[in-house]
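Chemist: The structure that follows is given in the form of structure tokens.
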Amino acid sequence: MKGRRNFVHKHSAQRLRPVTHVDRKREAKRSGSMNDINETNTCILCGDSFYGMGANPSPLADSGECCDYCDNNLVIPARITQYMNSKKQEKDNE
């Protein structure tokens, strides 16, 4: 079987790769919900306006969306702290 290559069909390969922001935009255009991406939203944490889809503000808020700034500077550090605290509690319980 010399010269035979492993072949992956392009459509199945596309399904295996992670979804990116570009993929979400492309899908929004196809489904007709592109207006959602261009809408102005309000950050649940700081109250500023932002364009786009926003981010999940959990664990700092239960609902709504947050801007990229709050996601990077507030939400992600809070998630890391929450994870580290849970690991510390696990270690203490052993």
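FYI, it's all coordinate maths here, none of it is from the lab. As the structure is a computational prediction, the values presented were derived from the model and not from experiment. Methodologically, a virtual Cβ is constructed for each residue, glycine included, from the backbone with ideal geometry; neighbour enumeration extends over all protein chains shown.
Chemist: Between S49 and N93, what is the spin-label point distance in nm, taking each point 7 Å from the Cα along the Cα→C-beta axis?
Modeler: If labels sit at S49 and N93, their model points lie 4.7 nm apart.
Chemist: Using Cα pairs closer than 8 Å and at least 6 residues apart in sequence, work out the relative contact order for the stretch 33-93, in percent.
Modeler: Numbers: 72 pairs, mean separation 14.4, N = 61.
Relative contact order here is 24 percent.
Chemist: What number comes out for the charge environment of Y83, summing +1 per Lys or Arg and -1 per Asp or Glu over other residues with Cβ under 14 Å away?
Modeler: Net charge in that neighbourhood comes out at +3.
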